[in-house]
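Below is one structure, written out as structure tokens, with a few remarks after it.
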Amino acid sequence: MGPRAVGFSVVTEIRLPRQLLTESPGWAEYADVVVVGSGIAGLTTALEARKAGRVLLVTKTSLTAGATAWAQGGIAAALGPEDTPEQHMHDTLVAGVGLCSEDAVRTLVTEGPRRVRELAALGAEFERADDGTIALTREGGHRRDRIAHAGGDATGQEISRALIEALRAVEEDPGIQVIENALVTDVLTDARGRACGVALHVIGAGRIDGLGAALGRAVVLAAGGIGQVYASTTNPPVSTGDGVAAALRAGAEIVDLEFVQFHPTVLWLGHSAKGQQPLISEAVRGEGALLRDVEGRRFMVDRHELAELAPRHVVAKGVVTAMAETGAEHVWLDARHLGAEFLESRFPTIVARCRAHGVDPVTDMVPVAPAQHYASGGIRTDACGRTTVPGLYACGEASWTGVHGANRLASNSLLEGLVWGHRIAIDLAENLADVAWSEPEERRGTPALLEASALPFIQAAMTAGAGVIRSASSLGTLRNRLHTLRLERENAIPTPEAWETTNVFAVAATLGHHAVLREETRGGHWREDFPERDDERWRGHLASVLTPDGVLETEFQPMREM
């Protein structure tokens with residue numbers, strides 16, 4: 001495409017709907033703040049936003065079904081006596097490969113320790129050292145022990161439990177309401193384009209059923225990740241990119257979606273394995289487990305000074321390269337030397353899950369291969385979690401705060417959700433009183449849907465075209481395959497599965513477009529045909545918006561000089 005010295009703008013041929021095809025809303029609920037999602041970001045925001053007014057928390061299935069409960073390794077913060085926020089910031093910037101916002105990272109690492117201690121005071125039972133302080137361990141990319149963990153390898157589950165218990169403790173409070181089994185179809189906007197609620201479909205028994213509206217003076221999207229865009233992922237089934245897609249349709253800016261983190265050590269279950277796959281936490285390598293190719297060689301030693309504890313994109317590339325060099329479909333994770341007592345006490349969940357699949361980490365090397373894990377891009381927000389759409393906030397994996405850059409540092413994700421959940425609540429408490437109520441207005445553009453049967457096709461196309469290794473050829477094939485899909489505007493049947501598939505399509509189209517534009521290798525974006533990092537042309541962000549006509553318009557925004 002030639003050199004890029006300044007910003008540029010490109011329009012794609014793919015058209016996306018500005019709203020999903022649904023039935024007419026049959027009911028409405030009102031609150032000052034509508035929070036979508038029940039992971040660490042959504043629960044933190046909902047609990048804290050009660051200071052700003054009445055809160056309505058909606059979640060796609062149950063409160064416990066999001067990605068937070070699946071987080072094994074822990075939450076990163078400079079809590080140790082030899083650690084500092086400055087050191088945590090350094091490691092985060094290194095992992096982000098030149099694309100982090102230094103201001104956002106500084107916010108994360110300076111506010112993080114306080115927020116983790118508050119989380120412990122709320123009831124999260126982190127493991128403790130002999131002196132009673134929070135015990136800390138290390139993961140890839142960290143040069144200090146700064147990972148707080150719980151239940152051995154069940155940190156996310158413990159954090160989720162503590163936050164949900166805190167929510168249950170105030171469930172009689174008229175200032176907060178929870179609606180479970182609610183799939184948000186769209187962010188609602190008023191005549192000025194301001195977010196004023198969400199349309200949602202509630203499945204199941206109860207007085208609220210079918211399609212309705214949750215109307216409020218502010219909306220917070222904490223709807224999680226995009227993992228189900230790929231055939232294999234560590235994400236739970238609910239992670240279909242609903243928040244990113246809904247924000248895109250509402251006019252919000254989506255940034256750096258090409259940077260997808262593929263976790264290097266996911267239990268390899270064979271070609272037939274699809275959907276959510278068992279994660280082998282980075283903390284296992286943090287405790288001394290080694291990576292070996294199928295011939296038994298430690299292949300990371302010569303690839304990075306931190307070997308197995310290099311940043312994730314480095315390890316993922318090392319794994320893929322080792323597989324290619326040996327013609328194998330996986331590599332080995334060797335933790336046998338750590339011993340049965342240690343493995344079973346430190347990683348009880350992982351050991352049990354491996355044994356359920358016929359592999360015993362105590363006596364066997366564990367077959368692993370990369371799978372989609374985390375989206376470093378998402379809905380652009382500022383330091384207070386505000387998106388480019390007035391009244392709309394975002395936090396957690398659905399958001400882009402500038403913290404992660406081109407690759408997330410291990411265990412920074414839970415911390416980001418925690419810190420920005422608080423920051424959003426503070427901004428709401430300070431400013432929501434000045435916001436007037438408004439009514440939603442239908443957006444320009446004909447509602448449309450993809451049939452649910454298209455989902456496996458999109459997942460296969462994304463895995464082949466925009467997986468760990470990408471090229472102009474693979475991305476061109478992906479684009480051509482996505483172009484064959486046709487949105488239905490008259491004959492489609494609105495179902496939750498069709499809404500999810502249409503969301504996946506919107507994310508896939510945006511991600512693929514970003515990936516073909518960025519002609520370099522950086523962080524979670526590996527172009528085989530452009531194998532080097534290129535700061536001169538590509539130190540900046542790709543940001544996409546959906547025009548009123550449903551056209552995806554993407555702009556390259558150069559960063560300031562280093």
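The values are calculated or read from the model by the stated rules, or taken from the named source; none is laboratory data. Computed from a prediction, not measured in an experiment: that's the story for all the values here. When we count neighbours, we look across all protein chains shown, and the Cβ atoms used for this are built from the backbone with ideal geometry, even at glycine.
Key figures for this structure:
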{"quantity": "Pick from segment 504-544, criterion assigned to a loop (DSSP other than H, G, I, E, B) and either of a type in the set (S, T, N, Q) or within 21 Å of the chain's Cα centre (by Cα) (or both), ranking: nearest to Ser474 (Cα to Cα)", "calculated": "Trp526"}
{"quantity": "In segment 6-17, the residues that are small (Gly, Ala, Ser) and either assigned to a loop (DSSP other than H, G, I, E, B) or over 30 Å from His483 (Cα atoms) (or both)", "calculated": "Gly7"}
{"quantity": "Any strands (runs of 3 or more DSSP E) falling wholly within segment 18-127 and containing at least 1 residues that are under 30 Å from Trp499 (Cβ atoms) and in contact with an Asp or Glu (Cβ under 9 Å, 6 or more places away or on another chain)", "calculated": "33-36, 55-58"}
{"quantity": "Test for Val551: is it at pLDDT below 95, under 23 Å from Leu248 (Cα atoms) and touching a strand residue (DSSP E or B) at 6+ places or on another chain (Cβ under 6 Å)", "calculated": "yes"}
{"quantity": "When residues of segment 446-503 are limited to those that are of a type in the set (Ser, Thr, Tyr), out of contact with any helix residue (DSSP H, G or I) (no Cβ under 7 Å at 6 or more places or on another chain) and in a loop (DSSP other than H, G, I, E, B), the one nearest to Thr240 (Cα to Cα)", "calculated": "Thr484"}
{"quantity": "Residue satisfying condition, being modelled with pLDDT of 95 or more and touching a strand residue (DSSP E or B) at 6+ places or on another chain (Cβ under 8 Å), within set Val11, Val36", "calculated": "Val36"}
{"quantity": "Cross-chain or 6+ apart pairs with Cβ under 6 Å, segment 321-349 first and in contact (Cβ under 8 Å) with a residue 12 or more places away in the chain, then of a type in the set (Ser, Thr, Tyr) and crowded, with 18+ Cβ neighbours inside 10 Å", "calculated": "Leu333/Thr265"}
{"quantity": "Hits in segment 183-231 - residues which are small (Gly, Ala, Ser) and surrounded by fewer than 24 Cβ atoms within 10 Å (Cβ to Cβ)", "calculated": "Ala191, Gly193, Ala199, Gly204, Ala205, Gly206, Gly210, Gly212, Ala213, Ala231"}
{"quantity": "Residue that is nearest to the chain's Cα centre (by Cα) [pool: residues in segment 340-392 that are over 28 Å from Arg522 (Cβ atoms) and of a type in the set (Ser, Thr, Tyr)]", "calculated": "Thr349"}
{"quantity": "Every residue from segment 213-234 that is among the polar types (S, T, N, Q) and either in a strand (DSSP E or B) or more than 30 Å from Glu258 (Cβ to Cβ) (or both)", "calculated": "Ser232, Thr233"}
